[in-house]
Amino acid sequence: MDTALALPFPLTRPHETARPGCPADEVESARAAAAGDKVAFARLVEKHKMSVFGLCYRLVGSTDEARDAAQEAFVRAYTSIRDFDARQPFGAWVLRIARNHCIDLLRRRRPTLALVSEARGEDPEPGVASEPADQFAVGGEQAVQESEAQRDLDLAVASLPPRYREVIALFHVQHKSYAEIAEALDVPMGTVMTWLHRARKELKLKLAEHLP
Amino acid sequence: MSAHLHLTEEQIQGLADGTLRGPEGMAAREHVDSCEECSAEMSMYGALVQRLTTLQDPIIPADFTTSVLEAVEHREHALTQHRHTLLAAIPAGLVGVFAILGWALSAAPTAHVDGFLEMWTVGRHVVSAAAPVLEAARLPLGLGAFVFSAAILCILIRALRPAAAAAHASP
């Protein structure tokens with residue numbers, strides 16, 4: 001595939017070039033939280049905890065660390081909520097805080113493969129049997145193959161560089177648009193698209209045996 | 001649109017994940033339908049995108065929001081303590097400096113001023129004139145510094161006591 005087909009239209013669609021704003025209810029909650037209303041802040045946490053936790057999980061690689069990182073992100077968001085600019089979505093802002101915190105954590109620690117070991121299904125407690133024994137009983141060989149394919153997918157995603165893991169998590173797991181991801185990662189939309197394309201290209205090579 | 005030209009990998013990925021739409025998407029789709037190579041590539045990326053949609057994050061703990069609010073309370077408290085400590089430390093430091101200077105100058109004021117202000121006789125005269133006052137004020141100055149330091153110490157203890165209590169209370 002060495003010759004590109006020239007298409008008469010740009011790849012980026014006009015509706016995706018506009019960056020999203022902050023919903024009115026979130027602006028209200030953020031203002032109330034800035035005035036010290038913790039119930040209002042709790043509403044914001046409830047609304048965004050899944051996406052923040054999900055991103056942290058893909059970045060730091062373990063459930064416990066992801067929970068701690070997500071919690072720290074929300075605490076930092078609260079302590080600096082007076083600086084929150086309501087022209088951007090609260091979700092993107094807190095995702096950016098979480099992302100920066102996770103990147104700091106990754107820089108500080110030695111490279112580990114926590115997510116890889118979790119994806120392999122390695123039991124953290126010695127002496128406790130892991131799952132494969134019951135797989136045949138539950139769904140037969142197909143279930144085992146499915147399970148292995150899923151594990152390989154998790155392993156492949158975990159082995160990607162952090163920036164690629166981020167875009168995979170935000171696009172494919174949290175179903176965010178290019179514009180939302182660009183806002184959250186504070187990079188141009190073109191960069192998001194490039195990272196996503198490269199990430200999928202790497203995944204295609206790593207998962208070739210599971211693809212048609 | 002000729003079949004011997006191929007779509008780029010980005011275009012195929014855009015088709016596979018549904019972000020390549022409109023006339024551009026239709027043109028790309030027509031090409032894929034008529035080109036075996038692009039069609040194979042498209043199947044591969046389609047399967048990959050399908051697989052990626054099965055990725056799942058672990059379940060977040062049910063008490064997550066509560067723990068965030070507790071951490072927020074704790075952080076606010078720590079910040080307040082930090083602010084109080086700083087506010088108390090600044091005057092305490094000033095009092096310390098003031099007491100040391102006062103004490104040193106009141107012990108032998110002219111000797112110190114001679115050393116520092118040799119060239120300025122006017123300054124020396126002023127300090128010489130003030131020397132009896134400083135000497136007379138030596139005891140009240142020392143007492144005043146002691147009382148002020150004690151007051152600052154009390155403020156510091158009051159500021160730090162809740163933090164110590166919180167540290168004992170937490171598991």
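Give the order of A:R109, A:R31 when sorted by the count of other beta carbons within 10 angstrom, beginning with the fewest. Let's see the in-between values first.
Details: A:R109 11, A:R31 15.
With the fewest neighbours first, A:R109, A:R31 line up as A:R109, A:R31.
Please report A:E209, B:E9 as a ranked list, fewest other C-beta atoms within 10 angstrom at the top and most at the bottom.
Starting with the residue having the fewest Cβ neighbours, the order is A:E209, B:E9.
For the range A:184-190, what does the Karplus curve 6.51 cos²θ - 1.76 cosθ + 1.60, with θ = phi - 60°, yield as ³J(HN,Hα) per residue in whole Hz, taken in order and with x for Gly and Pro?
Each residue's phi maps through the Karplus curve to give 5, 8, 6, 10, x, 4, x Hz.
What distance in nm lies between label points placed 7 Å from Cα along the C-beta direction at B:A62 and A:D186?
3.7 nm
Let me understand the range A:154-210 better: what is its radius of gyration from the alpha carbons, and its Dmax, in angstrom?
Both quantities, over Cα of the range A:154-210: 11.1, 35 Å.
A 22 angstrom limit on the alpha carbon distance is what I want to check against. Which of A:K47/A:K201; A:K49/A:K204; A:K47/A:K176 exceed it?
A:K47/A:K201; A:K49/A:K204
Given a Förster distance of 51 Å, report the FRET efficiency between A:L106 and B:C154 from their Cβ-Cβ distance, rounded to the nearest 0.05.
Numbers: r = 46 Å, r/R0 = 0.90.
The formula returns an efficiency of 0.65 here.
Assuming R0 = 56 Å, can you tell me the calculated FRET efficiency for the pair B:E76 and B:D33, based on Cβ-Cβ distance, to the nearest 0.05? Before the final figure, lay out each step's value.
Working: r = 61 Å, r/R0 = 1.09.
Calculated transfer efficiency: 0.35.
Which ³J(HN,Hα) values, rounded to whole Hz and listed in residue order, are derived for the range A:54-67 from phi using the Karplus coefficients 6.51, -1.76 and 1.60 in 6.51 cos²θ - 1.76 cosθ + 1.60 with θ = phi - 60°, glycine and proline given as x?
So the J values, rounded to whole Hz, are x, 5, 4, 4, 5, 8, 8, x, 9, 4, 5, 5, 5, 4.
Other chains' Cβ within 10 Å of A:170-182 residues: what's the mean?
That works out to 2 on average.
State, to one decimal in nm, how far the label point of B:L86 lies from the label point of B:R124, with both points 7 Å from Cα in the Cβ direction.
4.5 nm
Return B:F98, B:F146, B:F64 ranked ascending by Cβ neighbour count within 10 Å, so the fewest neighbours appear first.
Starting with the residue having the fewest Cβ neighbours, the order is B:F146, B:F98, B:F64.
Can you tell me what percent of all Cα-Cα pairs in the range B:34-112 are more than 20 Å apart?
Result for the distance tail: 72 percent.
Any read-out appearing in this document is the output of simple, stated calculations on the displayed coordinates, not a laboratory observation. These numbers come from a predicted model, not from an experiment. Note that we place each Cβ from the backbone using ideal geometry, even for glycine, and neighbour counts take in every protein chain shown.
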